[in-house]
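Novice: Pasting in a structure now, in structure tokens, and then I'll have a few things to ask.
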Amino acid sequence: MIVGYGDVGQRAARMLGRRVKVLALSRNPERAAQLRAQCVLPLWGDLDDMSSLRRLAGIATRVLHLAPPPALSEAEEGWWLDARTTALLQALRLRSLPRRLVYASTSGVYGDCQGQWVTETRAVAPTTGRAQRRVNAERAVRFAGRSGLRVSILRIPGIYAPDREGGTPRPRLQRGTPVLLAADDVYTNHIHADDLARACLRALWRGKPQRIYHASDDTQLKMGDYFDLAADLYGMARPPRISRELAQTELPASLLSFMSESRRLSNQRLKKELGLRLRYPTVLQGLLGKA
């Protein structure tokens, strides 16, 4: 069962094909024809409405949880909680639990690591509301793992793919959005959407219990260098470079939050334990579509 049947969920379903029966949770009945055309059985339910989730209990042996937490401001009550993951787990507990659950989290749970290499054993230090909600979800699924559910967590950086909506730097380059000067720049991490879908499936069948994996490629680029690479590839102008001080006044807070965290994710556990061989080990190969 895929919970959060967006781009990555659809890629995972296509990779599974007809080898297994695939179900997808959707709150939009208008998607019925689309899902059935993809050989996926629709399940109607809303993670924001616990009463609609009872039918999920006991119907799947493996669950891929890709749904994001609700978007809340820090002025709202319980802004640090992921009520959607809590509701899903409560529904699954109504009958026998599935054998495995894979939760798609974010590398943002680490906060700023000042460009250091990060392994899965590093303590979390979330600095944004969205990252704190992810930490809350991680803890909820790991707690569920104490009841016999085999849980794996994927911590995911920036997802890209030429065939993904908004999945390349091109729109941002067209807008001319600035990047930071080299002296102020931050390391950023990436994963091609196809490789992420493959990582999800590997974790569903091979993931160790209560295990965390970085679903990240081999690229070691700072953010500005990534946009320079893309600009050169597309034959577009490189983005202007500005200081961090100037960025504080010119760029929106949502973008600044990504420019305030620097880390390099180790993906050795992904490769060695899950045996995943990346089709797109670098963003250059992924943007070119050359596996």
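Novice: Mean projection of the alpha-carbon convex hull of segment 1-142 over all orientations, in nm²?
Specialist: Working: hull surface 39.5 nm².
Result: 9.9 nm².
Novice: May I pose another question? Solvent-accessible area per residue for the chain at a 1.4 Å probe radius, Å²?
Specialist: 47
Novice: By how many degrees, between 0 and 90 and to the nearest 10, does the Cα long axis of helix 223-234 differ from the longest principal axis of the chain?
Specialist: 90
Novice: Which lysines, on any chain, are close to Lys272 with Cα under 19 Å apart, when same-chain ones fewer than 8 places away are left out?
Specialist: Correct list for Lys272: Lys208.
Novice: Now a separate question. May I ask you to list the trypsin sites (Lys or Arg not before Pro) in segment 152-190 that are in a DSSP loop and have at most 16 other Cβ atoms within 10 Å of their Cβ?
Specialist: Numbers: sites: Arg155, Arg164, Arg172, Arg175; in loops: Arg164.
Taking segment 152-190 and a limit of 16 other Cβ atoms within 10 Å, the loop trypsin sites (Lys or Arg not before Pro) found are Arg164.
Novice: Also: Are there any trypsin sites (Lys or Arg not before Pro) in segment 8-41 that are in a DSSP loop and have at most 13 other Cβ atoms within 10 Å? List them by number.
Specialist: Here the trypsin sites (Lys or Arg not before Pro) that fit, given the DSSP loop and packing criteria, are Arg18, Arg19, Lys21, Arg27.
Novice: Right, next: In segment 88-201, if the dipole is taken from +1 on Lys/Arg beta carbons and -1 on Asp/Glu beta carbons about the Cα centre, which of Gly158, Ala144, Thr127 is farthest to the positive end?
Specialist: The listed residue farthest towards the positive side: Ala144.
Novice: Under the rule that an exposed site lies in a DSSP loop and has at most 13 other Cβ atoms within 10 Å, name the longest stretch of the chain with no GluC sites (Glu not before Pro) of that kind, not counting the sites themselves.
Specialist: 166-291
Novice: Here's another thing I want to ask about it. With everything on Cα atoms, drop me the angle between helix 193-206 and the longest principal axis of the chain, reported from 0 to 90° to the nearest 10.
Specialist: 40
Novice: Under 5 Å between amide H atoms, partner at least 5 residues away or on a different chain: which partners does Leu101 have, H built in plane at 1.01 Å?
Specialist: Those lying under 5 Å, H to H, from Leu101 are Val63, Arg150, Val151, Ser152.
Novice: Next question, about the same structure. Once the cut-off is 35 Å, how many percent of the Cα-Cα pairs in the chain end up in the long-distance tail?
Specialist: 19
Novice: How big is the C-alpha Rg of segment 39-85 next to the rule-of-thumb value 2.2 N^0.38 Å, as a ratio? Mind showing how you got there, number by number?
Specialist: Numbers: Rg = 13.3 Å, N = 47, 2.2 N^0.38 = 9.5 Å.
Relative to the 2.2 N^0.38 Å estimate, segment 39-85 comes out at 1.40.
Novice: Hey, could you grab the Kirkwood Rh for segment 134-281? Inverse mean 1/r over distinct alpha carbon pairs, Å, one decimal.
Specialist: 17.0
Novice: Using only Cα atoms and rounding to the nearest 10 degrees, what angle (0 to 90) does helix 129-144 make with the longest principal axis of the chain?
Specialist: For helix 129-144, the angle is close to 30 degrees.
Novice: Taking the Cα centroid of segment 21-63 and of segment 88-138, what is the distance between the two, rounded to the nearest whole Å?
Specialist: Between the Cα centres of segment 21-63 and segment 88-138 lies a distance of 23 Å.
The values are calculated or read from the model by the stated rules, or taken from the named source; none is laboratory data. Note that the structure is a prediction, hence the values are computed from the model and not measured. In this analysis, Cβ positions are derived from the backbone assuming ideal geometry, glycine residues included, and neighbour counts consider all displayed protein chains. Each accessible area value is taken on the protein alone, full model and side chains, heavy atoms only, with ligands, DNA and RNA left out. Shrake-Rupley method; radii C 1.70, N 1.55, O 1.52, S 1.80 Å.
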